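Student: My questions will all concern the structure given below.
Derivation of every value follows stated rules applied to the coordinates shown; laboratory data play no part. In this text, all values refer to a predicted model and were calculated from it rather than measured experimentally. Here the Cβ positions follow ideal geometry from the backbone for every residue, glycine too, while neighbour counts run over all protein chains shown.
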Amino acid sequence: MAQYVKPREPFRMRKQLLLLFLLAAALLLAVQAAFLIGGAVRKASPTLPDGGPNALELLLKKQAAEKQEENDPKPEPAGPEAAEPAPSEQEEAAEPAPEPKPARIALTFDDGPSAYTSRLLDGLAEHGAKATFFVLGSRVSGREELLNRMAAEGHEIGNHSWSHPQFKSMSEGGISGEIVRTADAIEKACGKRPYLVRPPYGDVSAVVRRALGEPLILWSVDPRDWSLRNTDKVVNAVLSKVSDGDIVLLHDIYSTSVDAALAVIDRLAEEYDFVTVSQLFEEAGTPLAEGNRYSQAGPRKAAQE
Ligand code: ZN
């Protein structure tokens, strides 16, 4: 630009100024022409509302918006949720159901709930194991939360009578009274009425069977946890006997039994699914019939062929 102010070249400077003037005039004409064309287009186009933006204006607006978008960096999502992967990815990862294990067991816990039951529920949840709780009606009041948790976490709640009496010295009416009273208390506590019954002491005498209409659930593995009260001994007693389709009898009123149950799950997690009593029989293709007694299920029925 310094050359324009050089006094030795006044003619060239004038020539440059003239060129600039002509250029400005041409630009002015071009702008005017564009406005005229724009007006004509607007009038000719029935799709564009009169006075609204024309195609050119829309295009310019769009270009300006795009340019603005380019300049503005995308706002970084803030907060802890931003660091987590998209929920759809998470769901996809959690979607496939775990492969069924070669065998399964139903762990059952009688005479509770107790102060140890919540620890047992924590451990079962940690292992993804399900169990069946044969609850005493007299222990429901004040422990409704535990029953609600059992139901909510996919465990089965069964009926173990109100006060754990010897049924053999009772009338049919007395026996059914114990069971109905307990079923009422469980249903009131967690909204689910128990179906399965485990009579105290496994008493399934003729009078008990006449008195009760529900399936009577016994067991096939009894480690005598109530007598051993020793975690390792209970674990060994279970492991030495257990096989596919077994029902294991335990009591969640002993801390040692809770520890033993969780240790058994740990040891057998590779080969065994831990399921509820109803699941055990359902998978074996054995419908539980009213008034019948059951102590063991067959192997899992092969999937639909
Ligand atoms: Zn019992």
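Student: Roughly how many debye, to the nearest 20, is the charge dipole of the range 173-282 about its Cα centre, given +1 on each Lys and Arg Cβ, -1 on each Asp and Glu Cβ, and no other charges? Intermediate values should be presented prior to the final figure.
Tutor: Numbers: 12 positive and 17 negative charges, 111 e Å.
For this selection, approximately 540 debye.
Student: Treating only the Cβ of Lys, Arg, Asp and Glu as charged (+1, +1, -1, -1), what charge dipole size does the range 218-305 show about its Cα centre? Round to the nearest 20 debye.
Tutor: Working: 8 positive and 15 negative charges, 73 e Å.
Its charge dipole is roughly 360 debye.
Student: So, one more: So for the pair SER138, ARG119, with labels modelled 7 Å out along Cα→Cβ, what separation do we get in nm?
Tutor: With each label point 7 Å from Cα toward Cβ, the separation is 2.4 nm.
Student: Taking the Cα-to-Cβ direction at LYS301 and at SER255 and moving 7 Å from each Cα, how far apart do the two end points lie in nm?
Tutor: 4.5 nm
Student: What nm distance separates the two modelled labels at GLU290 and SER240, each placed 7 Å from Cα along Cα→Cβ?
Tutor: 4.2 nm
Student: Please state the shape class of the range 109-267: rounded when a/c is under 1.5, otherwise prolate if a/b exceeds b/c and oblate if not, all from the C-alpha gyration tensor. Before the final figure, lay out each step's value.
Tutor: Numbers: a/c = 1.95, a/b = 1.34, b/c = 1.46.
Oblate, because a/c is 1.5 or more while a/b does not exceed b/c.
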